[in-house]
Each structure stands twice: as C-alpha cells, then as structure tokens.
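Colleague: Just dropping this structure here.
The values are calculated or read from the model by the stated rules, or taken from the named source; none is laboratory data. Note that this is a predicted model, so its numbers are computed, not measured. Don't worry about glycine lacking a Cβ; one is built from the backbone with ideal geometry, like all the others, and counts go over all protein chains shown.
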Protein chains: 2
Amino acid sequence: MAIFVCKFGGTSLATLPQIDKAIDIMLADKSRRFMVVSAPGARFKGDVKVTDLLIRAAAEYRLTGRSESADQVVERFREIVPEATELCERLHKELLERLAEKEADNHEEAVKAFGEYGSACVVEAILKKKGISAQMAEPRELGLTIIGSGHNARPDAKCYAKIGKVLRSMKGFDIIVVPGFYGYDNAGNIQTLPRGGSDTSGAVVARAAGATHYENWTDENGLRRADPRIVPHAATIPEMTYDEARELAYMGFKLQDACFEPIKGNNIVLSVRNTNNPDHPGTRIMDTRTVAPEERIVGVACEQNFVSIGMRKLYIDKEVGFGRKMLGVSEKLGLPYEHTLDGVDSAALLLARKYLKEEGMFDKVVKGLKKACRPEAMMIRDMALLSVAGFGMQNHFDVHARTFSALAEAKVAVRMIDEGADDLSFFVGVDNEQAAAAVKAVYDAFYSEQFQS
Amino acid sequence: MAIFVCKFGGTSLATLPQIDKAIDIMLADKSRRFMVVSAPGARFKGDVKVTDLLIRAAAEYRLTGRSESADQVVERFREIVPEATELCERLHKELLERLAEKEADNHEEAVKAFGEYGSACVVEAILKKKGISAQMAEPRELGLTIIGSGHNARPDAKCYAKIGKVLRSMKGFDIIVVPGFYGYDNAGNIQTLPRGGSDTSGAVVARAAGATHYENWTDENGLRRADPRIVPHAATIPEMTYDEARELAYMGFKLQDACFEPIKGNNIVLSVRNTNNPDHPGTRIMDTRTVAPEERIVGVACEQNFVSIGMRKLYIDKEVGFGRKMLGVSEKLGLPYEHTLDGVDSAALLLARKYLKEEGMFDKVVKGLKKACRPEAMMIRDMALLSVAGFGMQNHFDVHARTFSALAEAKVAVRMIDEGADDLSFFVGVDNEQAAAAVKAVYDAFYSEQFQS
C-alpha cells in the first residue's frame, strides 16, 4: 500500500492561496496522509521569512525585553487566517511565553521553532475548516528526539519506532500535520535541526510511518543537472539514486542531504516537486534505478572557496606516516578535510574555506603542517571544486574525454582531480573565477542537445 | 671549471673491449676525472652478472664451505685481464677471505660488494698499463659511510665533506677509480646500497667532488618518453628536471632515483648516456630548465599491480578523523601507501601489491580497515597506475583533454585519477590488462608525429 509523506517548504505555505495549493495536492491522492510543514516563507522577492523574523525576535527580546519582529510574526499568521481570531491570539500568547524564557539555554531554538509550530496550527485550522478530518501531531507527542546540537543536531534513530506507533494510533484522521524543523532533547527541551531541517523532519516521519514515498514540495520543478544561475537552460533530473544525489548535494544542491539518513536504503522514493506546478513529475531519488544505456552523468555540481595546501619534499613516498601526520593537523584543529592529493615528492591537503573562518585558523593549519610534515616548500592555492556525477559513467569510456575536452575548449585550467573512491563521480578543481565557465562547459558537453526543464 | 664524474654500468665493463670504450670516453675530455664502476655485467643475452654470481657464491659457501660460483667470478676477471696474473691471484685470495667470514652479519654484503671492488682493481690496472696516471679510491679510504640497512641503506650525508677532502688530496692523478655499490657502516663493516646502488655511489662522488656533471653511462641512449617494451618508437627525453624525473622514475624508470638525493639542488647536471654510442647526447637531468612553449609532457610512466581498497559509508565527509584512521591501518602494518582517494560517501586507500607479499598481509589491511573505519561496503580493485608528467602541462589547457580522449579512443576505462599535489604530473589508474594500451595511447597522443630515438 502506498503511503505518501508530503513536506511543504516555506514558499508553499507563505500565503493562504499557497496553502490552498498544498491542500489541493494533499487531497488529490488519498495516500498523501502526512503533511510536514515549514514556517511561512517569503511571499515575494525581498520578503523576510518567518524564521528570520523569529531569530531577530529572540535577539531583540533578550536585549530590550520586547520585540517588534515577534509582532510581525503574529501578523503573518493573522494575514493567512484573519477569521481565526482565537487561534491567532493563542499563538501570540504562546510566542510571548517562549520569548519570556530568555535565560533558557534553548531560548533561540524555542523561539525559532515557533514558525513551524504556528504554521502547523494554522494549516490544521484551515484543513478542519474545509471539513477535512485533520489533526496536528506535535514532535513532543510523537517522541521526536534530537541528539547533538547546533550544526550537529540530528534526529535520534532510536525514536523512529515510537513515532511510528504514535502515527499509527492516529489512523482515524485523513491528514496528520507535523511541524518540521524541531524536536526535543532528552531533557524535554525544544531543539532545532540545522537550517533546512524540515526536510529531515519529513524524512523521519516518512521512515517512521513506513512510507513508500516522501514528496518534498518546493517552488521549483525538481533538481537541475547544473545550477540554473549558471546554466539557465539546465534540464531537470528525472531520477537518480541517493548515492548520486549525495555526490551533487555535497556541493551546492538545494536539498538538505542530512534528510537522506532516515530514508536511504528503506525503499522510500524521495521526490522533489513544485507546489506551483504539480503536474510536473519533478526529480525522483531512490535506492536503485535503471541507468539508460546512453546516459553518462546525472549532473555537475560546483562549490567555490576551497584551498589546497601543497607540500614538496624529496622522497615523501618513502616516509611512512606522512599522510597520517598531515591529516593529524586538521583533525587536531577539528577541521574536516575535503581531499588529500598525493604526488611522488608532494602531497596536498584540500580544505573548505568555510571551516577556516575563525581568525588565525588558516595560519594554524599552515604552521601545524610545517611542524608535523617539515616540507621543503609549500604552495597555497584557492580553487572551486566541480563534482561530475552519475552511475552512467561506468558504461562509457568517453566521460573524461568529454569533460576535459570541454574544459580545454573553455580555456579552464585544471588544478586538481580526485577520482576512484567510488565509481560514480569525480572531482575537478578549477580557479574560483573559472568555476562558472567550467560548469557551463561540462554541462554543455553532456546535455547541449537536450534542452528541457 | 667543469668537473665530470662518470659512472659506468655493468654492460659497459663486462669485457675488455667494453672497458676500452669506457676508458676512451674518460680520455675524450680532461674534465672526466672520476670513474665510478659497477661490477662486470652481462656479456650477452642470458649471461649471469658478476653480482648475481657473488650472491650465489655466498649462499653456496655458507652451505658447503666452498663455491663454484666464486671461481666463475675470478674467471670473469681473468678473462678481462688474462695477463695480470698477480692481480687475479690477489683477487681470488681476497674473495676467499671474504667468503670465509661466513659467520659475519655482513657476510652476504661483503661478498656481494666484491664485484665492484674487483672491477675497480681491474680498471685501475688497465688504465695504468695504458700509461694513464690512475688511482683507485676505495670507499674505506674515502670515508663513504652507509647508514640503515637492506632496502633502507643509504649514504650518510655527513660524509660528503670528508670524501671531498680525500678526493682533492688525490689531485696528482688524472683518473680516480671508485668502486660503486658499497661503503662501510660506522663499525667499519662493508655495507651495500640497495640493488643499483652504484648510481648512488656516483652521485655521492659527484657531490663530494664538487662536480658540475654526473654522467651515468649505460647501454641505452638515455631515458625514453615511454617504456620501449610497450612503445618501441618512444623518443629519448633530451632533458628534464629532477622533479620531473622523480615523477617518472617512481614508476618503472631504469634510473635508480635514490641517487638524486646527493645531487638534486646542487647545480649538478646528471646525464644518462650510452657507452656504445657516445655521440648521442642522451638525457640530461637538471635542477631547472626552460620548457619549450609547445611542450606538454616529458613522458608517461606506468607500473602495474596496485590495489585500491574502497569503502562506502554515508556521511564520511562529516566524520572527523576518517582519513587518519584509514592511514593509521597501513602505517601500523609498516606499509607505505600510494594514494588516498576521497569521495562524498566513500574513500579509498591505494597500495602497491609489492608491499603486500607477506602471507596474510592483504587480509590484515582489509580487516584493519573494517575495524578502524567501519565501512558499510568495501570494494577491492586491482589496477595499474600511469604517471603523466612534465612542467609543460602548466602552459597548456589541453593536456587532460588529449590524455583522456586518447584513452577513450583506445577503450581504456579510467579507474582513478589523482592530481593536484603539484603542477607537474597526474596519475591515472587503469586495469592491469589495459596498462600497455593506455601507455601507448597516451604516448601517441603527445608524440605521434615526433618519431625520434
């Protein structure tokens, strides 16, 4: 039996007409029983999302004991359901209560999570008003436990069974509304998932509910084979595996890939679809798929601002432990590394600049490498990384030829290549300034005759 | 002032006519003052080299208290200088003395080193008979100290100054003959360098003598841009830097690259030349050189029998310390690693099979990785590695395009790529069975219109 969990993003819930679209989607298929909601997003270009208002509100309140932004949040809900005066007053009161707990460790988290909570309350009210048998399931009732905090906050896999039990106990309702983005820590305090965490909430519900499909409803027709800001004509990816999606999501894809953990390997099809264009099939992500004989890659992703720290030293190859010493430096500083590159008398450590923002951190890495590895010379180079990905590359000899011929023609200098950890992608380093030219060249090398969207 | 050190290999000293050629080369230029000699090599295809006879002799003697192979060694010297009966008798006596010390820790080393020692005595005698002012300088007199042992034996850099002093004190002689391959440890016992170590002895003499040139005289016209067994028409490399030579020497080049250490960075030009064709300029290796604008690569090297151990695990990228754990496994087992490859949810450790010969070693690595890294899946793949090298690649956008287009056309599947540790090479992994096809394709992609040798 098909069971669909549908997660709706901020723009899909920003106004009443948008919520109506989302509800129409829910009603179009009886299998769509679970509706995971984000906080109301931007209504128009330049509009402030409710979550951002809430972050401001928490800061304002801690500083001044009151908050104008909090009023704006309540106003946003009132704009959606002006007739539900009682609900809006209750939401206002509850938000003020959360703001008042300004000494709590989780003050910001609790306030920030209010956007999804309020959104779920509002959607539940609208559904009920339409005469639909609907019920909100709050993460506390569900037992959605968050472990870790900050960037490392994630759902506790141990809670899936409990959530499933609660959801099954609600089988009397046609639609169950779950606020995304937050849960509770073991002490019972609200904790939020990293930004974009509603995707993960939806995945947890999908796993717990034993869903066959997890639909992620956004404002775009699925995921594209290349960043549309660089390649406006980039085609939508009809389907790919979770592994392929990870290769692309890693670098600049819109989908928050932390949401894969609960669903990957559980026979759940994740699709990314467009609330404003529900007839478009979007992008389907699944455990396994059949690769068409002519397919070479699923897409090309790109992220800028990596830095390669290269070291030269005669006979590195005979120095047992060199690589371990090199990686020990970044590990000691708590830095993840992206790639290590090995030459004969040279080695390089490639790090993401985003992890090096702390003042003096980069110098610490360089100093640490000098001390641990004693190189004869060091070379620092900034670069962007492209990920060229897709299982299809296994079936063709010419994927590299196409890629590098296109880069040569575009006069893009290749700064690094790392391939071989698996059979489904390779990484190419280029100068930051050439990143866009590189993405365009690679995309066109594989898809120039297939304009679709 | 130009000072040349000339090292002659085994085939250049295998017979009297060959030794005469070597002496003619020495006499052709007054700057050629230092002559470093190997043991007599093969006289014809299938002939046994003196060094191999000596290894047998040591084993025979330890087993039976006598040795036929030792007699054959003396016979080889007698064949070269039949008239020097006194010298040949002395050599016979000295070899028997070395053999007799069968309880010594360095028994095999002392016997093995006798080939170079005898060769130097014989060459000195021939030079003197020709009326040339020549003198042998034995490594003990020179103070050539060896540190480490077995595969790790190497000259002690601290002894260069002392050797230089001794050599300068011999300025009364026109030609100084130095036996290669061996020296003495700090206790005064003979120690040999790893096989091919006469190249290193020559480099030590070149460094110590303040030479401007180190000529390595072989039986080929220098080094080729690709293995001539695979690409018979491969051109000779006219010149390259030490760094470039290292990239190629690493994988299957004939020159023993341990010899670079004493000379690299000391303004010494190393040339590889042909005793049988002294008019050919051979290959010059130097610290720096000017790369012609049209030059792309200096050559392509290849070695077979590497194994990649790949691991898959969701969110490896977020696991701080994964790489260090992976490298810790090989380090603990005392294994050098060739490459590490990094994917998004995957990583691979690439090792040379030659280091995995000990029974059960490969299983130990796999077991160690399973325990340390806890992968969800492992993939083992054997492969050959190509090294495409040359500073010229920095000046051209199309080096990768040419390489991978050629491989695609030859239907060679690319299994790994590692580039970016420096600007002068990249590694490409292919199936062992496709190694020759790959080398041929890459060579022809860069040199198909330049048949020369």
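Colleague: Quick check on A:Ala187: is it under 17 Å from A:Lys264 (Cβ atoms), more than 14 Å from the chain's Cα centre (by Cα) and not polar (S, T, N, Q)? Explain how you work it out, then say what you get.
Modeller: On the way: under 17 Å from A:Lys264 (Cβ atoms): no; more than 14 Å from the chain's Cα centre (by Cα): yes; not polar (S, T, N, Q): yes.
For A:Ala187, the condition - under 17 Å from A:Lys264 (Cβ atoms), more than 14 Å from the chain's Cα centre (by Cα) and not polar (S, T, N, Q) - is not met.
Colleague: With the checklist (1) in contact with a strand residue (DSSP E or B) (Cβ under 9 Å, 6 or more places away or on another chain); (2) within 14 Å of chain B (Cβ to nearest Cβ) in hand, flag the one item A:Ala372 doesn't pass.
Modeller: (1)
Colleague: Still on this structure, I have one more. Within the range A:40-47, is there a residue that is part of a loop (DSSP other than H, G, I, E, B), under 26 Å from the mean Cα position of the chain (by Cα) and on the phi > 0 side of the Ramachandran plot?
Modeller: Within the range A:40-47 (the criterion being part of a loop (DSSP other than H, G, I, E, B), under 26 Å from the mean Cα position of the chain (by Cα) and on the phi > 0 side of the Ramachandran plot), the answer is yes, since at least one residue qualifies.
Colleague: Separate question: Quick one: would you say A:Met379 is within 22 Å of B:Thr340 (Cβ to Cβ) and either away from every other protein chain (no Cβ under 13 Å) or of a type outside the set (Ser, Thr, Tyr) (or both)? If you could, list the steps in order and put the result at the bottom.
Modeller: On the way: within 22 Å of B:Thr340 (Cβ to Cβ): yes; either away from every other protein chain (no Cβ under 13 Å) or of a type outside the set (Ser, Thr, Tyr) (or both): yes.
Criteria met by A:Met379.
Colleague: Just need a number here: residues in the range A:85-114 that are surrounded by fewer than 19 Cβ atoms within 10 Å (Cβ to Cβ) and within 19 Å of A:Ala14 (Cα to Cα).
Modeller: Total satisfying the criteria: 3.
Colleague: Going by the structure shown, is A:Leu386 at pLDDT 95 or above and part of a strand (DSSP E or B)?
Modeller: Yes: the conditions hold for A:Leu386.
Colleague: Can you pull out every residue in the range B:1-31 that is among the aromatic types (Phe, Trp, Tyr) and in contact with a helix residue (DSSP H, G or I) (Cβ under 7 Å, 6 or more places away or on another chain)?
Modeller: B:Phe8
Colleague: Okay, moving on. Among the numbered criteria (1) within 12 Å of chain A (Cβ to nearest Cβ); (2) outside any loop (DSSP other than H, G, I, E, B); (3) free of Cβ contacts under 8 Å to residues at least 40 places away in the same chain; (4) surrounded by fewer than 19 Cβ atoms within 10 Å (Cβ to Cβ), which one does B:Ala401 miss?
Modeller: (4)
Colleague: Would it be correct to say that B:Asp47 is under 24 Å from B:Asp174 (Cα atoms) and without any contact (Cβ under 8 Å) to a residue 40 or more places away in the chain?
Modeller: When the stated conditions are applied, B:Asp47 does not pass them.
Colleague: Report the residue count in the range B:169-194 for those that are free of Cβ contacts under 8 Å to residues at least 12 places away in the same chain and among the charged types (D, E, K, R).
Modeller: Going through the range B:169-194 one residue at a time, the tally reaches 1.
Colleague: Further, regarding this structure: Return yes or no: is B:Ala408 modelled with pLDDT of 95 or more and part of a strand (DSSP E or B)?
Modeller: No.
Colleague: I would also like to ask the following. Got a sec? Which strands (runs of 3 or more DSSP E) wholly within the range A:232-332 have at least 2 residues that are more than 14 Å from chain B (Cβ to nearest Cβ) and touching a residue at least 12 places away in the same chain (Cβ under 8 Å)? Reasoning before the result, please.
Modeller: Working: elements: A:239-241, A:269-274, A:283-286, A:299-312.
Strands (runs of 3 or more DSSP E) meeting the threshold: A:269-274, A:283-286, A:299-312.
Colleague: Can you pull out the residues in the range A:411-453 that are under 24 Å from the mean Cα position of the chain (by Cα), outside any helix (DSSP H, G or I) and within 18 Å of A:Pro228 (Cα to Cα)?
Modeller: Within the range A:411-453, A:Ser453 is the sole residue that qualifies.
Colleague: Now a separate question. How many residues are among the acidic types (Asp, Glu) and over 30 Å from A:Pro17 (Cβ atoms) when one looks only at the range A:56-100?
Modeller: Count: 2.
Colleague: Still on this model: Give the range B:73-98 a look and list any residue that's assigned to a helix (DSSP H, G or I) and either within 28 Å of the chain's Cα centre (by Cα) or small (Gly, Ala, Ser) (or both), or say none. Steps first, answer last, please.
Modeller: So in the range B:73-98, the residues assigned to a helix (DSSP H, G or I) come out as B:73-80, B:85-98.
If the condition is that a residue be assigned to a helix (DSSP H, G or I) and either within 28 Å of the chain's Cα centre (by Cα) or small (Gly, Ala, Ser) (or both), then B:Val73, B:Val74, B:Arg76, B:Phe77, B:Ile80, B:Leu95, B:Arg98 are the ones that fit.
Colleague: Search the range B:421-449 for residues being of a type in the set (Gly, Ala, Ser) and within 20 Å of B:Asp382 (Cα to Cα), and hand back the single one that is nearest to the other protein chains (Cβ to nearest Cβ).
Modeller: Step by step, filter the range B:421-449, then rank; the result is B:Gly429.
Colleague: So, one more: Identify the residue in the range B:404-420 that is among the charged types (D, E, K, R) and at the interface with another protein chain (Cβ under 7 Å from one of its Cβ atoms) and, among all such residues, is surrounded by the most Cβ atoms within 10 Å (Cβ to Cβ).
Modeller: By that ranking, first place goes to B:Asp418.
Colleague: Quickly run through the range A:348-381 and pick out the residues that are outside any helix (DSSP H, G or I) and touching a helix residue (DSSP H, G or I) at 6+ places or on another chain (Cβ under 6 Å).
Modeller: Within the range A:348-381, A:Leu349 is the sole residue that qualifies.
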